[in-house]
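The values are calculated or read from the model by the stated rules, or taken from the named source; none is laboratory data. Please read all numbers here as calculations on a predicted model, not as lab measurements. No Cβ is skipped: glycine too gets one built from the backbone with ideal geometry, and neighbour counts run over all protein chains shown.
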Amino acid sequence: MSTKEIVLNIDKAIASHGMWKMRLRNAIKTHTSEFDVAFVKSPHNCEFGKWLDNDKAFLNSHQEYNIIFDLHKKLHFETARIMDLALSRKDNEASSAIAIGSDFATTSSKLTIAMMNWKKGLKEVA
């Protein structure tokens with residue numbers, strides 16, 4: 001796998017995971033989602049998670065991999081928790097769970113920073 005392919009997958013993941021805040025806000029507003037909680041909870045269902053799983057042997061040689069893998073898993077857990085609150089019409093709890101300073105927001109930020117640092121390190125090596 002080339003550095004360019006890794007950077008492309010990281011860029012896609014940053015964009016894709018960034019859309020989840022909008023999806024969660026919409027779920028809070030409408031109490032519906034095209035995704036069910038169990039699907040959202042698994043970090044292996046999204047394209048980034050599949051990539052992390054499928055190329056694990058290669059990617060594990062990068063020091064950032066384990067940090068990103070763990071943060072990605074936690075983000076899916078938090079997203080599913082918020083989705084469950086939204087679908088259960090617990091709007092105030094769901095809104096608080098997505099707010100700045102929440103576990104979701106903190107984990108999302110840490111994951112994005114870790115992916116950007118990984119990408120930067122790859123570009124410096126290339």
Residue count for segment 18-31, restricted to those that are in contact with a helix residue (DSSP H, G or I) (Cβ under 7 Å, 6 or more places away or on another chain) and among the β-branched types (Val, Ile, Thr):
1
Can you pull out the residues in segment 51-61 that are over 19 Å from Ala38 (Cα atoms) and either of a type in the set (Asp, Glu) or in contact with a Phe, Trp or Tyr (Cβ under 7 Å, 6 or more places away or on another chain) (or both)?
Leu52, Asp55, Leu59
Of these, Ser108, Ser33, which one is within 18 Å of Lys12 (Cβ to Cβ) and either touching a residue at least 40 places away in the same chain (Cβ under 8 Å) or touching a strand residue (DSSP E or B) at 6+ places or on another chain (Cβ under 8 Å) (or both)?
Ser108
So Asp55, is it in contact (Cβ under 8 Å) with a residue 60 or more places away in the chain and either under 29 Å from Lys120 (Cβ atoms) or surrounded by fewer than 17 Cβ atoms within 10 Å (Cβ to Cβ) (or both):
no
Looking only at residues in segment 82-126 that are over 13 Å from the mean Cα position of the chain (by Cα) and among the basic types (Lys, Arg), which one is surrounded by the most Cβ atoms within 10 Å (Cβ to Cβ)?
Lys119
Does Lys41 meet the test of being basic (Lys, Arg), buried (at least 17 other Cβ atoms within 10 Å of the Cβ) and touching a Ser or Thr at 6+ places or on another chain (Cβ under 8 Å)?
yes
Hits in segment 65-106 (condition: at pLDDT 95 or above, of a type in the set (Ser, Thr, Tyr) and within 26 Å of Gly121 (Cα to Cα)):
Thr106
Condition test on Ala27, is it loosely packed, with under 13 Cβ neighbours inside 10 Å, of a type in the set (Gly, Ala, Ser) and within 22 Å of Arg81 (Cα to Cα)?
no
Which condition number in (1) farther than 14 Å from Ala114 by Cβ; (2) in contact (Cβ under 8 Å) with a residue 24 or more places away in the chain; (3) surrounded by 13 or more Cβ atoms within 10 Å (Cβ to Cβ) is the one that Glu47 fails?
(3)
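When segment 63-116 is examined, which residues are found to be polar (S, T, N, Q), in contact with a Gly (Cβ under 9 Å, 6 or more places away or on another chain) and closer than 22 Å to Ala38 by Cα?
In the first step, residues of segment 63-116 are kept if they are polar (S, T, N, Q); the result is 63, 66, 79, 88, 92, 95-96, 102, 106-109, 112.
Checking the rest, the ones that are also in contact with a Gly (Cβ under 9 Å, 6 or more places away or on another chain) come to 63, 108, 112.
Ser108 - this is the single residue of segment 63-116 that is polar (S, T, N, Q), in contact with a Gly (Cβ under 9 Å, 6 or more places away or on another chain) and closer than 22 Å to Ala38 by Cα.
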Residue in segment 66-81 that is farther than 15 Å from Met115 by Cβ, of a type in the set (Gly, Ala, Ser), buried (at least 17 other Cβ atoms within 10 Å of the Cβ) and touching a residue at least 60 places away in the same chain (Cβ under 8 Å) present
no
